[in-house]
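Student: I have a structure I would like to understand better, so I am pasting it below and will then ask my questions one at a time.
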Amino acid sequence: MSVIHNCHVTPLSSSSSAFFAQNRLSVVRTQIVSVSHKKAGVCKCVATSPAEQTAYKTNVSRNGNIAKLQAGYLFPEIGRRKAAHMLKYPDAQVISLGIGDTTEPIPDVITSAMAKRALDLSTVEGYSGYGAEQGEKKLRAQLASTFYANLGIEEDDIFVSDGAKSDISRLQVLFGSNVTMAVQDPSYPAYVDSSVIIGQTGQFQKDIEKFANIEYMKCTPENDFFPDLSKVSRTDIIFFCSPNNPTGSAASREQLTALVKFAKDNGSIIIYDSAYAMYVSGDTPKSIFEIPGAKEVAIETASFSKYAGFTGVRLGWTVVPKELKYSDGFPVAKDFNRIVCTGFNGASNIAQAGGIACLSPEGLEAMHEVVGFYKENTKIIVDTFTSLGFKVYGGIHAPYVWVHFPGQSSWDVFSEILEKTHVVTTPGSGFGPAGEGFVRVSAFGHRSNVLEACRRFKELYK
């Protein structure tokens, strides 16, 4: 006999009842089939479980260095926990003072310049394709005169990029897997993670929360957040961030002089991250090149991200002085230029137009206003935790407040604050073992959110 059979093509759900319910209600096409009239039965649709499926695999081995990394990168993990919290409390007003992402609009004088460059690209006269991998000459010249006047840094020492974080990885490629490295503890996670990925380290040692073959330079309130260099072993590369992320501390002129001497005595190279230099006030150095002799032992990375709100626009630069040379006398800058030319086609011409506008008199004034706004936020946070009896560090030369919770796990404090106040912070242990017992609170936020977050902190810890 012949019957009409309704067929609906639909993805299999983990619930068979959901699958069959959809088939009873849907008619997509009609098909004539022959069915024996002698037997009645039930036709079952069975989905093969993932465990029963044989997935195709290549013969390529996984990069063993990446396999050494512990869990995920810090900030995506915080994002995951924030998302889970928002699912749990869908009506809560969650305030993020965790990741250091800017929140205030880019000043008009800067966006206008980018918009003009973008529109010019639609004209024959204004169109431009590939630019110099090292960056536009005008921008490099302005960077040299604005941030390195009288320091002996010239425009051809500067390589414009899509941000300091990208340049950190390029520098790791430059030096390769056979060098040894030292890092502040605590410090920005990208230094350690990129060292692991490139193959400079051993395995992660769970008992001490450190990777083998990395020299962790402990920076705590007890040593004024500057390492005791007499206890630091010699390494090829020294990562140093000032003002520091996450502690907010800034090295003094005397401390940086000692660091440069230490590097010279050991024949090491300093990679100096100055991403927050515009937050510095007073006599505290904004650049490592303010220290005599630094050009012979240091590279400096920097960025517009935290000055002009370029976290999404992406524009930074790295300074590699001509005076910096390898043990065989070959200039480091020539090799870095090769890395840049091989793996990078130059920063966006639209972003570079914004960078040029940033360094105009009006742009500099606008950036200082943005920085001033975040520094006011920082003071509000510092005053709040200080009034609650906490030991608070940083917050003067950087938009980060480093709050001490002695005897407590950083992740536990993070979780308690999130659960009870709906405010996202960053656990200090995510920056290194010396960050345990601390929480970083970012001042990047709308003023109303910062004030509300501080009101909640007072409710929690009153």
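Student: If you check PHE414, PHE457, which single one turns out to be out of contact with any Cys (no Cβ under 7 Å at 6 or more places or on another chain), farther than 21 Å from ASN245 by Cβ, not polar (S, T, N, Q) and not in a strand (DSSP E or B)?
Tutor: The unique qualifying residue is PHE457.
Student: Kindly indicate whether VAL403 is crowded, with 17+ Cβ neighbours inside 10 Å, assigned by TED's automatic domain parsing to the domain that holds ARG80 and not in a helix (DSSP H, G or I).
Tutor: Criteria met by VAL403.
Student: Collect the residues in the range 417-454 that are of a type outside the set (Val, Ile, Thr), in contact with a Gly (Cβ under 9 Å, 6 or more places away or on another chain) and not in a helix (DSSP H, G or I), keeping them in residue-number order.
Tutor: Passing the criteria: PRO427, GLU436, GLY437, PHE438, ARG440, SER442, ALA443, PHE444.
Student: Go through the range 183-213 and give me each residue that's in a strand (DSSP E or B) and free of Cβ contacts under 8 Å to residues at least 60 places away in the same chain.
Tutor: Passing the criteria: only GLN205.
Student: Just checking, how many residues over the range 439-455 are open to solvent by 10 Å² or more (accessible area, probe 1.4 Å) and touching a residue at least 40 places away in the same chain (Cβ under 8 Å)? Even if it seems obvious, please write down each step before you answer.
Tutor: First, the residues of the range 439-455 that are open to solvent by 10 Å² or more (accessible area, probe 1.4 Å): 446-449, 451-452, 455.
Keeping just the survivors that are touching a residue at least 40 places away in the same chain (Cβ under 8 Å) gives 446-447, 449, 451-452.
The number of residues fulfilling the criteria is 5.
Student: Another question about this same structure. Can you pull out every residue in the range 406-421 that is open to solvent by 50 Å² or more (accessible area, probe 1.4 Å) and touching a strand residue (DSSP E or B) at 6+ places or on another chain (Cβ under 7 Å)?
Tutor: Hit for the range 406-421 is TRP411, nothing else.
Student: Just to be sure, is VAL371 under 30 Å from LYS137 (Cβ atoms) and under 20 Å from the mean Cα position of the chain (by Cα)?
Tutor: When the stated conditions are applied, VAL371 passes them.
Student: Considering (1) open to solvent by 10 Å² or more (accessible area, probe 1.4 Å); (2) under 21 Å from TRP317 (Cα atoms); (3) among the hydrophobic types (A, V, I, L, M, F, W, C), say which one CYS241 fails and leave the rest.
Tutor: (1)
Student: State all residues of the range 246-275 that are closer than 22 Å to VAL382 by Cα and either open to solvent by less than 10 Å² (accessible area, probe 1.4 Å) or not assigned by TED's automatic domain parsing to the domain that holds TYR191 (or both); if no residue qualifies, say none.
Tutor: Once the filter is applied, which keeps residues that are closer than 22 Å to VAL382 by Cα and either open to solvent by less than 10 Å² (accessible area, probe 1.4 Å) or not assigned by TED's automatic domain parsing to the domain that holds TYR191 (or both), the range 246-275 yields PRO246, THR247, GLY248, ALA251.
Student: In the set VAL413, VAL424, which member is in contact (Cβ under 8 Å) with a residue 12 or more places away in the chain, assigned by TED's automatic domain parsing to the domain that holds GLY98 and under 21 Å from the mean Cα position of the chain (by Cα)?
Tutor: That would be VAL424, the only listed residue that is in contact (Cβ under 8 Å) with a residue 12 or more places away in the chain, assigned by TED's automatic domain parsing to the domain that holds GLY98 and under 21 Å from the mean Cα position of the chain (by Cα).
The values are calculated or read from the model by the stated rules, or taken from the named source; none is laboratory data. Computed from a predicted model, the values in this text were never measured in an experiment. In this analysis, Cβ positions are derived from the backbone assuming ideal geometry, glycine residues included, and neighbour counts consider all displayed protein chains. Each accessible area value is taken on the protein alone, full model and side chains, heavy atoms only, with ligands, DNA and RNA left out. Shrake-Rupley method; radii C 1.70, N 1.55, O 1.52, S 1.80 Å.
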